[in-house]
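*Asks:* Attaching a single structure in structure tokens format; questions to follow.
The values are calculated or read from the model by the stated rules, or taken from the named source; none is laboratory data. Note that the structure is a prediction, hence the values are computed from the model and not measured. Reconstructed Cβ throughout: ideal geometry from the backbone, glycine too, with neighbour counts over all protein chains shown. Keep in mind that these areas ignore ligands, DNA and RNA; they rest on the heavy atoms of the full protein, side chains included. Shrake-Rupley method; radii C 1.70, N 1.55, O 1.52, S 1.80 Å.
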Amino acid sequence: IGCDGRPCPLAASSYYSSSGCCFSMRMLSSTRLLRVATNASRMSPFSTAGTSACGEIEEEPEAPSLTRSIVTDLDSLPITFSDISRAHVSIRSGIVRTPCVQSHFLSEIVGANVYLKSEFRQFTGSFKERGARNAIQKFLREDERPTGVIAASAGNHALALAWHGKELNVPVTVVMPHVAPMAKVDKCRKFGARVIIEGNHIGEAKVFAEDLVASERLRYINGYDDPSILAGAGTIGIEIIDDCPDVDVVVVPVGGAGLIAGVSCAIKTLKPDTQVYGVEPEFAASYTAASKAGKPVPFDVKPTLGDGLAVPVVGPHAFEVARHYVDEVVTCTEKEISLSILRLIENEKMVVEGGGASGLAACLPGGALDRPSLKGKNVVIPLCGGNIDTTTLGRVLDRGLAADSRLVNFEAVVSDRPGGIARLTEVLCEEGASIKDIYHERAWLYTSIDQVRVKCVVELQGKDHAMRLKKALLDKGYPLNWCIDDEPPAGSSDGFFQHVTA
């Protein structure tokens, strides 16, 4: 029983005050918390009036009209903190309680105390299990004769729904587009789900799924906008406050906005002074578009490494919740996503998909959240998914190395006489460059007939090393096209190569 005399569903967890009684302010609805905060701000610091015997601030019968309007606004949202706390109790026996651990190496790189919450350690590899299990359990409570649930998804939501449907003995149908990875399609079938391949993209798959809802009496579960999904995702916020009570900043990846809606509601309720930032790929900035328009609007999504976040329109329920709690949403580049994946593998031995690593991407040097105001703060970043194809992972790592100037490609013009390429490789050897690939061609060079163009890909130690190699080649008189600098070559007689300067 909490201090307010009501049953406290989370009393078994670590929410206790220093006096030993349940810290019931954390268990109250968002309405009551707002009233408590309002009363606290109006009390004199030298007065004890307005507090109960256990130290809780009592409600006053009269509150300012502005406060009442805010309270009514929050209570009318698709979810409140009470929904999240109920979900936390409901799903905890069926999901992994993921750790939230400080990263020494990433903290040094970012300049803040970085804590990583490893949601990719869920059984199906993503945070989606929380919402999926909560939605299915709610469906079972409401329907005495369940006929099954259905969803359209190309990946993580389909996996989570299939797995927890099997665990809870609920028939699951997932409609997946033709572009869905075959590995995920096979896993859904292994979990016992009925898999239907329909549509060229997720939009067409959703239309087909909605037709089945009426014909087969199924319950459609939207993977990022169903209120039960939002509440399930919000349980991450409760765990963050439990594991890191001194958190200053939470950085959350944004796709359809379901995750950040739930997490921000929980974080702002339990610790209102914590800042909540969202991060979405610049090629899938649907939340940014919705913020500018004041409502969800279509965004022209382009292929991105954060494919799990590539949602053309944010969910209306999710957006309505998030806009009340989220401080700011920023974007990250493809280069930053690839770098974040590389940093996690090298420093933390964690394999995370592009969407799951987007939060970290914005915090790395040069990112949108690389700000003086966040330096030295306690920053929690949920790594929300780890389902990345091995072939994709190889390409992403190469892009990450290239972005880090540790994989460099350039073109040079050398003599076509014996020893021409050998002298070039001697320079590379002297500068400590490891040749990964080398190729020379004669046909597309319109200068001297005794010259050839050599294309090289070399492995280096970083940007400083790359600049030393470039200077050494220029000093030796090699005309260069140094591709990592995107310098437009000019000045040679064929209009292509130039003896560029550093």
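*Asks:* To one decimal place, what Kirkwood hydrodynamic radius in Å is obtained for the stretch 135-245 from all pairs of distinct Cα atoms?
*Replies:* Details: mean 1/r = 0.0693 Å⁻¹.
Mean inverse Cα-Cα distance, inverted, gives 14.4 Å.
*Asks:* Of LYS128/LYS206; LYS375/LYS470; LYS117/LYS138, which ones are farther than 29 Å apart at the Cα? Could you put the intermediate results ahead of the total?
*Replies:* On the way: LYS128/LYS206 18 Å; LYS375/LYS470 34 Å; LYS117/LYS138 26 Å.
Pairs exceeding the cut-off: LYS375/LYS470.
*Asks:* Given labels modelled 7 Å from the Cα in the Cβ direction, how far is it in nm from GLU441 to VAL427?
*Replies:* About 2.1 nm, to one decimal.
*Asks:* Given the peptides 314-320, 291-297, arrange them by the average over their residues of other C-beta atoms within 10 Å, most packed first. Could you put the intermediate results ahead of the total?
*Replies:* On the way: 314-320: 24.6, 291-297: 14.4.
For the peptides 314-320, 291-297, the packing ranking is 314-320, 291-297.
*Asks:* So if I take the alpha carbon set of the stretch 274-411, get Rg, then get Rh from the Kirkwood formula, what is the Rg over Rh ratio?
*Replies:* Working: Rg = 15.4 Å, Rh = 15.7 Å.
Answer for the stretch 274-411: 0.98.
*Asks:* Continuing with the same structure: Tell me, how many Å apart are the Cα centres for the stretch 267-302 and for the stretch 79-101?
*Replies:* Between the Cα centres of the stretch 267-302 and the stretch 79-101 lies a distance of 23 Å.
*Asks:* Which FRET efficiency value, to the nearest 0.05, do you get for ARG86 and HIS324 by plugging their Cβ-Cβ distance into 1/(1 + (r/R0)^6) with R0 = 22 Å?
*Replies:* Numbers: r = 20 Å, r/R0 = 0.90.
Efficiency for this residue pair is about 0.65.
*Asks:* Mind ranking 406-419, 248-261 by how tightly packed they are, going by the mean number of other C-beta atoms within 10 angstrom, highest first?
*Replies:* On the way: 406-419: 16.9, 248-261: 29.7.
The peptides rank, most packed first, as 248-261, 406-419.
*Asks:* Here's another thing I want to ask about it. Once a ≥ b ≥ c are taken as the square roots of the eigenvalues of the Cα gyration tensor of the stretch 328-371, is the result rounded (a/c under 1.5), prolate (a/b larger than b/c) or oblate (a/b not larger than b/c)? List each step's numbers first, then the result.
*Replies:* Numbers: a/c = 2.11, a/b = 1.69, b/c = 1.25.
It comes out prolate by the Cα gyration axes.
*Asks:* Take each of the peptides 161-172, 379-390, 126-137, average the number of other beta-carbon atoms within 10 Å over its residues, and list them starting from the highest. Intermediate values should be presented prior to the final figure.
*Replies:* Numbers: 161-172: 21.2, 379-390: 24.2, 126-137: 28.7.
Listed from highest to lowest mean packing, they are 126-137, 379-390, 161-172.
*Asks:* Counting only protein heavy atoms, what percent of the accessible surface of the stretch 113-206 is carbon or sulfur at a 1.4 Å probe? Before the final figure, lay out each step's value.
*Replies:* Details: 1910 of 3890 Å².
In the stretch 113-206, the share of accessible area belonging to carbon and sulfur is 49 percent.
*Asks:* Something else now. Ignoring ligands, DNA and RNA, what accessible area per residue does the stretch 275-384 give at 1.4 Å, in Å²?
*Replies:* Values: 4030 Å² over 110 residues.
With all protein chains present, the stretch 275-384 gives 37 Å² per residue.
*Asks:* Setting aside same-chain residues fewer than 8 positions from LYS471, which aspartates and glutamates have a Cα under 12 Å from its Cα?
*Replies:* Those aspartates and glutamates meeting the cut-off are GLU431.
*Asks:* Also: Cross-link candidates for LYS271: which aspartates and glutamates have Cα within less than 14 Å, leaving aside residues fewer than 8 places away along the same chain?
*Replies:* GLU239, ASP242, ASP243, ASP246, ASP248, ASP327
*Asks:* Another question, then. Picking from SER405, ALA284, VAL330, whose Cα lies most toward the positive end of the charge dipole for the stretch 272-423 (charges on Cβ: Lys, Arg +1; Asp, Glu -1)?
*Replies:* Value computed over the given set: SER405.
*Asks:* Considering all alpha-carbon pairs of the stretch 257-331, what whole percent are spaced by more than 19 angstrom? Provide the component values of the computation, followed by the final result.
*Replies:* Numbers: 821 of 2775 pairs.
More than 19 Å apart: 30 percent of the Cα pairs in the stretch 257-331.
*Asks:* How far apart, in nm, are two points set 7 Å out from the Cα along the Cα-to-Cβ line at LYS166 and at LEU393?
*Replies:* A separation of 2.1 nm, rounded to one decimal place.
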